[in-house]
1. Return the total of residues in the stretch 276-325 being closer than 18 Å to Gly21 by Cα, more than 16 Å from ligand 2 (Cβ to nearest atom) and among the small types (Gly, Ala, Ser).
2. Residues in the stretch 322-330: is at least one more than 16 Å from ligand 1 (Cβ to nearest atom), in contact with a helix residue (DSSP H, G or I) (Cβ under 6 Å, 6 or more places away or on another chain), over 24 Å from Lys146 (Cα atoms) and open to solvent by 20 Å² or more (accessible area, probe 1.4 Å)?
3. Does Gln310 fit the bill of being open to solvent by 20 Å² or more (accessible area, probe 1.4 Å), touching a residue at least 12 places away in the same chain (Cβ under 8 Å) and of a type outside the set (Gly, Ala, Ser)?
4. Report, by residue number, each residue of the stretch 213-249 that is open to solvent by 60 Å² or more (accessible area, probe 1.4 Å) and of a type in the set (Gly, Ala, Ser).
5. Read through the list (1) surrounded by fewer than 21 Cβ atoms within 10 Å (Cβ to Cβ); (2) in contact (Cβ under 8 Å) with a residue 12 or more places away in the chain, then give the number of the only condition that Lys69 fails.
6. Can you name the residue in the stretch 261-301 that is away from ligand 1 (no atom under 16 Å from the Cβ) and of a type in the set (D, E, K, R) and, of all such residues, is most open to solvent (accessible area, probe 1.4 Å)?
Amino acid sequence: MKILGIETSCDETSAAVVEKGRNVLSCVTASQIKKHSEFGGVVPEIASREHIKKITEIVKSSLENANLKLKEINAIAVTNTPGLVGSLLVGINFAKGLSFSLKKPLIAVNHLKAHIAANYICHKNLKPPFLALIISGGHSNIVEVKNFCEFKGISKTMDDSIGEAFDKIGRALNLPYPAGAKIDELSKNVKEIKYSFPKPKVRKNPLNFSFSGVKTAVLNKLKEEKEKNNAIKIEDFAASFQKTVCDVVCEKVSTAIKFKKSKKLVVCGGVSANSKIREELKKLSQTLNFELFLPELKFCTDNAAMVASQAFFEFEDGNIQQNFNLNAKSCFSF
Ligand code: KG4
Ligand code: ZN
């Protein structure tokens, strides 16, 4: 079973061919970062227009790299939610066209479920049940994955997502968008954490995340240092901010693991590429004695291989589009 996956939910145009949900035959991704960085974030209209420009050549290259003809593909999968509607529609319409002309099944894939599925590619024997921590540019969630297609959200963010916080702090430090990887890199040179920022308290559900308070605390400190004419070392801000959010992530994971008595944690999303978070989660897994699954770095950020992977399990579960009514949906919560 070879599935062609298409991902256009935000600012990456990606196509991949994956066999039986685990074996990546090709994955080609065009990033639009350069087009958006001068605006300090993704501009939706530019994103849609870039997808339109790139999608045909990206799909063609993914087939060429897999050494396959279109007729050898068994099904077409596409991300339909969550994401930028104009961007999602480009991928959806392209996938519909392929499915219609080839008379092959069309499978709709949820982008967040696809992020989790990146781990099925990297860990060949991984199977639910497990707890999943999704830390991406748009989302921060802890989810109970009961089966490949059965999910129950147990934690979400009350305000900003973790990736948004990284990117906003990066902007204040004059780093190019998206700033997560740069903050990670800058922090590596810092031996001693200079600033301590408060960790958010979330009432009602202690598992829920909140990142807007940390973000404001960092911005206020930055302003204060500037007003006092103190020398500002952006490395210190980067490392102190990163430590705070890393502590928050570890605290929430620890509570969730104990609460659900879980023995397995799967981590995914762009921020799962963060070296400090990876290191601290590894330590936590030893202390609390759970198995930790992290995706390879290339499968942390948006890619179509993860879409084709989740699509295989959706297909096995009978989740195939019965007509060509598939539409884009901007928001989704577990
Ligand atoms: O999962 P993703 O590609 O897109 C969404 O689905 O949102 O995540 C992108 C996010 C951006 O906010 C980016 O700054 C962040 O992932 N990111 C990182 C690192 N690499 C990417 N954040 C922290 N450390 C990193 N090494
Ligand atoms: Zn994503």
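1. 1
2. yes
3. Numbers: open to solvent by 20 Å² or more (accessible area, probe 1.4 Å): no; touching a residue at least 12 places away in the same chain (Cβ under 8 Å): yes; of a type outside the set (Gly, Ala, Ser): yes.
So Gln310 fails the test.
4. Ala231
5. The failed condition is (2).
6. Let us first name the residues in the stretch 261-301 that are away from ligand 1 (no atom under 16 Å from the Cβ), namely 261-265, 283-293.
When the remaining residues are screened for being of a type in the set (D, E, K, R), the result is 261, 263-264, 283, 291.
Numbers: Lys261: 167, Lys263: 123, Lys264: 53, Lys283: 100, Glu291: 100 Å².
Only one residue tops the list, namely Lys261.
Residue-wise test of (1) among the aliphatic types (A, V, I, L, M); (2) within 10 Å of ligand 1 (Cβ to nearest atom); (3) surrounded by 20 or more Cβ atoms within 10 Å (Cβ to Cβ).
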| site | (1), (2), (3) |
| --- | --- |
| Ile116 | yes, no, yes |
| Pro128 | no, no, no |
| Leu131 | yes, no, yes |
| Asn141 | no, no, yes |
| Cys149 | no, no, no |
| Gly153 | no, no, no |
| Asn174 | no, no, no |
| Lys182 | no, yes, no |
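For every residue, the table says whether it meets (1) in a helix (DSSP H, G or I); (2) within 14 Å of Val307 (Cα to Cα); (3) in contact with a helix residue (DSSP H, G or I) (Cβ under 9 Å, 6 or more places away or on another chain).
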residue: Ala15; (1), (2), (3): no, yes, yes
residue: Val28; (1), (2), (3): no, yes, yes
residue: Gly41; (1), (2), (3): no, no, yes
residue: Ile46; (1), (2), (3): yes, no, yes
residue: Arg49; (1), (2), (3): yes, no, yes
residue: Lys60; (1), (2), (3): yes, no, no
residue: Asn93; (1), (2), (3): yes, no, no
residue: Lys96; (1), (2), (3): yes, no, no
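The values are calculated or read from the model by the stated rules, or taken from the named source; none is laboratory data. Owing to the predicted nature of the structure, the values given are computational and were not obtained by experimental measurement. Ideal geometry is used to build each Cβ from the backbone, glycine not excepted, and the neighbour counts take in all protein chains shown. Calculation scope for accessible area: heavy atoms of the full protein, side chains included, ligands and nucleic acids excluded. Shrake-Rupley method; radii C 1.70, N 1.55, O 1.52, S 1.80 Å.
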